[in-house]
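The values are calculated or read from the model by the stated rules, or taken from the named source; none is laboratory data. All figures in this text were calculated on a predicted structure; none of them were measured in a lab. When we count neighbours, we look across all protein chains shown, and the Cβ atoms used for this are built from the backbone with ideal geometry, even at glycine. SASA here: full protein model, heavy atoms, side chains in, ligands and nucleic acids out. Shrake-Rupley method; radii C 1.70, N 1.55, O 1.52, S 1.80 Å.
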Amino acid sequence: MLRHNAWRGVLVGATMAALTVVGSGAASAAGAQAAAACHVDGYVCMTVNDIYEPTVYVADGDSYTFLRASEVTSISNDTTMTYCFGGDYNFSVAPGESVEVPHTVTDLEPTTGRCLS
């Protein structure tokens, strides 16, 4: 037969395990929601893995350069122009297109053609 202190240890352990499971599920749901692309008409909207500037908005026709290479987790181009993104590799995002794959980005600018590597 277990003593009182032993039962307390079993109950505390079971409670902590249950809270860990519930807490990680809530964190996963919040993380998934934060990664979803934002949409603002007339802007390229980027969700960035940066605690100081988690969302970056770039107006239609403007360019933007990050202070340091940044991990962009989602991009939504709600402008009338195609944008070229520079970073580990260059890629373009057409008007109305969204990208939900993380990329390391250094800058972006409007383009009339393809991005040059």
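Observations
- Residue-level accessible surface for Glu109, protein heavy atoms, 1.4 Å, Å²: 90
- Reciprocal of mean inverse Cα separation for segment 43-117 (Kirkwood radius, Å): 12.0
- Solvent-accessible surface ranking, highest first, for Thr55, Thr112, Thr80 at 1.4 angstrom: Thr112, Thr80, Thr55
- The candidates Ser63, Ser70, Ser98, arranged from most to least accessible area with a 1.4 Å probe in the full protein assembly, appear as Ser63, Ser98, Ser70.
- Nearest-10 value in Å² for the accessible area of Phe91, using the 1.4 Å probe: 30
- Separation in nanometres of the label points that stand 7 Å from Cα toward Cβ, at Thr65 and Asn49: 2.4
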